[in-house]
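K.L.:
The structure follows.
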4 protein chains.
Amino acid sequence: MTKTVTSSDSRTRILETAYRLFYEQGYHATGINQIIAEAGVAKASFYHHFPSKKDLCIAFLQKRHRDWFSWLKQEVDSHVEPRERILSLFAFLEQWLTTSKFRGCAFLNLTSEFPIPDSVIRRMIVVHKAELREYIKELVQSFVDKTASPQKVEVASLADTIYVLFEGSIITSQVYSSIWAIQSSREAVQRILT
Amino acid sequence: MTKTVTSSDSRTRILETAYRLFYEQGYHATGINQIIAEAGVAKASFYHHFPSKKDLCIAFLQKRHRDWFSWLKQEVDSHVEPRERILSLFAFLEQWLTTSKFRGCAFLNLTSEFPIPDSVIRRMIVVHKAELREYIKELVQSFVDKTASPQKVEVASLADTIYVLFEGSIITSQVYSSIWAIQSSREAVQRILT
Amino acid sequence: MTKTVTSSDSRTRILETAYRLFYEQGYHATGINQIIAEAGVAKASFYHHFPSKKDLCIAFLQKRHRDWFSWLKQEVDSHVEPRERILSLFAFLEQWLTTSKFRGCAFLNLTSEFPIPDSVIRRMIVVHKAELREYIKELVQSFVDKTASPQKVEVASLADTIYVLFEGSIITSQVYSSIWAIQSSREAVQRILT
Amino acid sequence: MTKTVTSSDSRTRILETAYRLFYEQGYHATGINQIIAEAGVAKASFYHHFPSKKDLCIAFLQKRHRDWFSWLKQEVDSHVEPRERILSLFAFLEQWLTTSKFRGCAFLNLTSEFPIPDSVIRRMIVVHKAELREYIKELVQSFVDKTASPQKVEVASLADTIYVLFEGSIITSQVYSSIWAIQSSREAVQRILT
DNA sequence: CATGAATGAGGGTTCATTCAT
DNA sequence: GATGAATGAACCCTCATTCAT
């Protein structure tokens, strides 16, 4: 039992170190040497666990995908009212920005670093964002289902606007190192949902 | 005089080559060697004109700033109605995406590559984006000034929402290689301005 | 009993895989990883059976020595006339070149890869070649013994010439990927033996 | 004037160092690090002059081709009699083996290290050997032209036999670190030319 | 007898930059 | 204003081998 944990220790340390460095510095700016130095493993140990740097990046994105959605849903699920659940998307962003070394969205950042759209990593990014888009749509659907008033705007349109505001808030907060965009977007969504 | 023109030729070629490569491939992924090779200049000539790669990047951003705003304002100025001028922001985006090798916003991409907020390049990016934000605010002000109806929402709030939708549209279009976000945001703005 | 067979199975697989790879790719170009991957054994199993890569090479040469002479003698022994037996040396070469992935003589190839003459492997190579030289000498002796006519040339000289033609044919066929040298040498030997 | 020599000094040192090491140790056994260390240049200087290790090998073979033929022809040209000129091929071999760090033929050795026949280097090797074969044929042609006696054997056949004996002598001398094969082949050729 | 994790040393290559001319 | 040679540091990756289990 303890064995399993111990044996994959080094792989875990590599992944967690890369997890941090890829997010904080970016993919290209982070070298294998720094990763193994901070993880405290030998270079060959790295390549024993990961065939290449890109494969490590893929593992990073898989973990990030799970973690990030877990954080997001934890915040959303702390609310029951459909309207509040939607607005909590931006509460999540504000919390993210203020309580961690915020460097924007790891997936958006990697989009900048990997120019070729039809690559493994770019496809993973699209999958991640498509899941976010779908999740927001579900939140909006719940809201529309509950509110008796006949909505004039379709669910999809409404959801996409919120999605774009969400994405725009992330990138803008990253650029300015400020939360004004998040608050502004939250208020905009509040008005839209009235 | 002719000399000056001739002599700055190589500087121009370097800058224009970097302009293209930095945008298409990113900063880290573009090496000095590729730049001088494609520009057709000697390595020492490069360092004669630009003290470092970062200085070249600064020159790139300066030129990009001028060019991009020139393109944007050209599109906006082709309309007179304040409402149309605002909506033309998204017409501009659609045109950008469809008529060029679209790789998102050069400034947002560089934000991903330069982690440290308090650096020369990151400050240039903020200046660029702040100017865009201010420009959108002016467009919204013109719209509000004209429409007699007393707006309940403040100009600044309205402008920021449009700004965030604009930014979100860029990044989303880049992720999906699709214009759906632009069209969706344009419609959202249309409704908001009603 | 069954155990012994089963347990030496992995050793056999390693040796046979190395047998093929060392010959097709060369010693330096063949890594331990490729060998164990294609043999389907664990890395530690490899070092359980062979103390080092060089020891595996030694085992390879031992097996190769037995196999190769077995093939050669099988061809030679299909003839009874001393003259035909000598000429069959070149029939063997032609068959070797045309019916297999011919990459020259494994021993000569390793001579290129191991520069130091006074090493275990180089000594094995000399032993192998000395045995070939001796074998050819025996064939020539049989031929001289039978033919009543007093040969003016000594047996040793004649045998060495054939030996050198044999070796030259192998290396030349490898260089040109062609059998012309084998045929030419065969004809030369035919004339000499007249 | 001195400038030109000085500026290409480092390229020359790299090539000459590789020239020696590739011959003495082989291609795979010689690393870039050793080459630059013994040449006394920085690693990047190496890649400034040679795009890759393989390109250095190509340059090595080009120089070797010129040098080796120069040595060979110098020996042959010290004789006037066609018969002596042919026999001097083996005098050259003997001299080569006894007056230098003989490690066989650089081209044959590389044939062992580069398995793929249809590659740049393997093609260079064939060209080198084809030129040797042609050169020997010319020597034999001169001999046949002069000797009035009608040769029964064709020039091409005779030349090829000598070529194969020449190649076989090189490889055999390398294997045994001995000149017996050269002497034996020389005597064989003497008899053949009688 | 067998395993996979871990290693130090080195593989070939490219980086942004500086130098003398 | 322009050149190409030269550099130290770092790039990603692979080598044959040893270890604990």
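K.L.:
Take the residues of the range D:162-182 that are among the polar types (S, T, N, Q) and more than 9 Å from chain C (Cβ to nearest Cβ): which is farthest from the chain's Cα centre (by Cα)?
P.N.:
Step by step, filter the range D:162-182, then rank; the result is D:Ser178.
K.L.:
Quick check: anything in the range B:133-149 among the acidic types (Asp, Glu) and surrounded by 21 or more Cβ atoms within 10 Å (Cβ to Cβ)?
P.N.:
Initial filter on the range B:133-149 (among the acidic types (Asp, Glu)): B:134, B:138, B:145.
Next cut, surrounded by 21 or more Cβ atoms within 10 Å (Cβ to Cβ) only: none.
There is no residue in the range B:133-149 that is among the acidic types (Asp, Glu) and surrounded by 21 or more Cβ atoms within 10 Å (Cβ to Cβ).
K.L.:
Quick one: which residue in D:Ile121, D:Ile125, D:Ile116, D:Ile136 is within 14 Å of another protein chain (Cβ to nearest Cβ) and not in a helix (DSSP H, G or I)?
P.N.:
Criteria check complete, one pass: D:Ile116.
K.L.:
Give the residues of the range A:49-83 that are open to solvent by less than 40 Å² (accessible area, probe 1.4 Å) and assigned to a loop (DSSP other than H, G, I, E, B), sorted by residue number.
P.N.:
A:Phe50, A:Ser52
K.L.:
Further, regarding this structure: Please find, within the range C:26-48, the residue that is nearest to D:Thr30 (Cα to Cα) out of those that are open to solvent by 70 Å² or more (accessible area, probe 1.4 Å) and either more than 12 Å from DNA strand E (Cβ to nearest atom) or of a type in the set (S, T, N, Q) (or both). Even if it seems obvious, please write down each step before you answer.
P.N.:
Let us first name the residues in the range C:26-48 that are open to solvent by 70 Å² or more (accessible area, probe 1.4 Å), namely C:28, C:33, C:37-38, C:43-44, C:47-48.
Then keep just the ones that are either more than 12 Å from DNA strand E (Cβ to nearest atom) or of a type in the set (S, T, N, Q) (or both); that gives C:33, C:38.
Values: C:Asn33: 21, C:Glu38: 27 Å.
So, considering only residues that are open to solvent by 70 Å² or more (accessible area, probe 1.4 Å) and either more than 12 Å from DNA strand E (Cβ to nearest atom) or of a type in the set (S, T, N, Q) (or both), the one nearest to D:Thr30 (Cα to Cα) is C:Asn33.
K.L.:
Looking at C:Ile125, C:Ile116, which one is more than 30 Å from C:Thr194 (Cα to Cα) and buried (at least 19 other Cβ atoms within 10 Å of the Cβ)?
P.N.:
C:Ile125
K.L.:
Right, next: Scanning the range C:178-194 for residues that are touching a residue at least 60 places away in the same chain (Cβ under 8 Å) and farther than 17 Å from D:Ile192 by Cα, which turns out least open to solvent (accessible area, probe 1.4 Å)?
P.N.:
Result: C:Ile182.
K.L.:
Out of the range B:64-99, which residues are among the hydroxyl-bearing types (Ser, Thr, Tyr) and within 14 Å of chain A (Cβ to nearest Cβ)?
P.N.:
none
K.L.:
Sticking with this structure for a sec: Output the residues belonging to the range D:12-24 that are within 15 Å of DNA strand E (Cβ to nearest atom), crowded, with 17+ Cβ neighbours inside 10 Å and either within 12 Å of chain C (Cβ to nearest Cβ) or modelled with pLDDT under 95 (or both).
P.N.:
Hits for the range D:12-24 are D:Leu21, D:Phe22.
K.L.:
I'd like to check something: does the range C:87-102 contain any residue that is open to solvent by 40 Å² or more (accessible area, probe 1.4 Å), out of contact with any Phe, Trp or Tyr (no Cβ under 8 Å at 6 or more places or on another chain), assigned to a helix (DSSP H, G or I) and among the hydroxyl-bearing types (Ser, Thr, Tyr)?
P.N.:
Yes.
The values are calculated or read from the model by the stated rules, or taken from the named source; none is laboratory data. Note that the structure is predicted; figures quoted are calculated from it, not measured. Quick reminder, even Gly has a Cβ in these numbers, built from the backbone with ideal geometry, and neighbours come from all protein chains shown. The area values use the complete protein model at the heavy-atom level, side chains included, leaving out ligands, DNA and RNA. Shrake-Rupley method; radii C 1.70, N 1.55, O 1.52, S 1.80 Å.
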